[in-house]
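The values are calculated or read from the model by the stated rules, or taken from the named source; none is laboratory data. These figures come from a predicted structure and were not determined experimentally. As a convention, Cβ positions derive from the backbone with ideal geometry for all residues, glycine included, and neighbour counts pool all protein chains shown.
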Amino acid sequence: MILTVLGSGTSVPHPLRSSSAYWLDASSGTLLLDCSPSAIQRMAELGLDWAGLDAIWVSHFHLDHFGGLAPYLFGVKHAAETRERTKPLKIYGGAGLEELIRKIDDAGGYRLLEQRFAIEVTEVSALEPFEILPGVEAVAMKTPHTDASHAIHIRDGEATMVFTADTGFDTSIAGLAGGVGLFVLECSFVRDKPVELHLELAEAMHLIRRAAPRRAMLTHFYPEWDEIDFAEVVAAFYPPCEVIAAADGLRVEI
Ligand SMILES: [Zn+2]
Ligand SMILES: [Zn+2]
């Protein structure tokens, strides 16, 4: 698999970091992990086949992770690039996903789900494996962030990854990520986090140490990270593996 970071930032506007989205090239198709408002433009900017995208994972409904979904559906509905498309677009997320899409749709009368191809919305149950792309197995785990927030484990043959999305500290996430090829963790704050529902560096590093992945990536950086020497603060924790700082446009092979 190859992961391309589309947005390594948060809901706070930032000149270099757009809000949460990651493009995953798997053996049988493409998957968008979170669909932030800026994801649409970033996909086009990076030359990704946004019109042929196979599936979308929505980690939770905060707008820096979900706010691009309706605009994306509106865009592909009217784009010339999807005129020949027949394969369905699959959208996965927690309970309430379909109702939320329908409410947005109804509010503006957009008919987002009426397209030239099928839009299939599936609400997943925590810890029940499902096939997110043909032959690609996923399992979601509830996280302490919102009522509908989930981390996700993805397996494509030998390649494995976990994406925490937004979460508070919970050591069971390390269990989900045990030995994965790439462990993508939010790391909203450097230290003294102002809210319980996100991670700060010491917590993220603790989860990495417990999970012992082959590689880890920290992301979802609030602007306070701008002033920080990433390599220096990470090295202070004697990381057990390579720890990468996410950046918009960064591509990582898993
Ligand atoms: Zn967020
Ligand atoms: Zn959030």
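Restricting attention to the range 1-24, the residues being of a type outside the set (A, V, I, L, M), buried (at least 24 other Cβ atoms within 10 Å of the Cβ) and assigned to a strand (DSSP E or B) number 2.
Matching residues to (1) farther than 16 Å from H60 by Cβ; (2) more than 16 Å from ligand 1 (Cβ to nearest atom); (3) of a type in the set (F, W, Y):
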position	(1), (2), (3)
Y110	yes, yes, yes
L113	yes, yes, no
V121	no, yes, no
E128	yes, yes, no
E131	yes, yes, no
P144	no, no, no
A148	no, no, no
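Taken over the range 194-235, residues that are small (G, A, S), buried (at least 22 other Cβ atoms within 10 Å of the Cβ) and in contact (Cβ under 8 Å) with a residue 24 or more places away in the chain amount to 2. Residues that are touching a strand residue (DSSP E or B) at 6+ places or on another chain (Cβ under 7 Å) and acidic (D, E) within the range 195-254 comprise E200, E224, E242, D248, E253, listed in sequence order. When the test is whether a residue is in a loop (DSSP other than H, G, I, E, B) and of a type in the set (A, V, I, L, M, F, W, C), F117 passes it.
Out of D166, D105, I need the residue that is surrounded by 13 or more Cβ atoms within 10 Å (Cβ to Cβ), among the charged types (D, E, K, R), within 16 Å of ligand 1 (Cβ to nearest atom) and at pLDDT 95 or above. Which one? Selected residue: D166, the only one of D166, D105 that is surrounded by 13 or more Cβ atoms within 10 Å (Cβ to Cβ), among the charged types (D, E, K, R), within 16 Å of ligand 1 (Cβ to nearest atom) and at pLDDT 95 or above.
The set of residues from the range 19-37 being more than 12 Å from ligand 1 (Cβ to nearest atom) and either at pLDDT below 95 or within 22 Å of E200 (Cα to Cα) (or both) comprises Y22, L33. If you go through the range 27-40 and pick out every residue that is surrounded by fewer than 24 Cβ atoms within 10 Å (Cβ to Cβ), not hydroxyl-bearing (S, T, Y) and not in a loop (DSSP other than H, G, I, E, B), you end up with 2. State whether the residues of the range 69-92 include one that is of a type outside the set (A, V, I, L, M) and at positive phi. Checked against the condition, which is being of a type outside the set (A, V, I, L, M) and at positive phi, the range 69-92 yields no hits at all. Counting only residues that are basic (K, R) and under 18 Å from V58 (Cβ atoms), the range 71-108 holds 3 of them.
Quick one: in the range 82-93, which of the residues that are crowded, with 18+ Cβ neighbours inside 10 Å and free of Cβ contacts under 8 Å to residues at least 40 places away in the same chain is nearest to L53 (Cα to Cα)? Step by step, filter the range 82-93, then rank; the result is L89.
Table: residues versus (1) crowded, with 22+ Cβ neighbours inside 10 Å; (2) more than 17 Å from E186 (Cβ to Cβ); (3) within 16 Å of ligand 2 (Cβ to nearest atom); (4) touching a residue at least 60 places away in the same chain (Cβ under 8 Å).
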position	(1), (2), (3), (4)
R42	yes, yes, no, yes
I56	yes, yes, no, no
L63	no, no, yes, no
A80	no, yes, no, no
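Taken over the range 43-95, the residue count meeting the criterion of being under 18 Å from Y22 (Cβ atoms), in a helix (DSSP H, G or I) and away from ligand 1 (no atom under 16 Å from the Cβ) is 7. Exactly one residue among G75, G109, G96 is without any contact (Cβ under 8 Å) to a residue 12 or more places away in the chain and among the small types (G, A, S), and that residue is G109.
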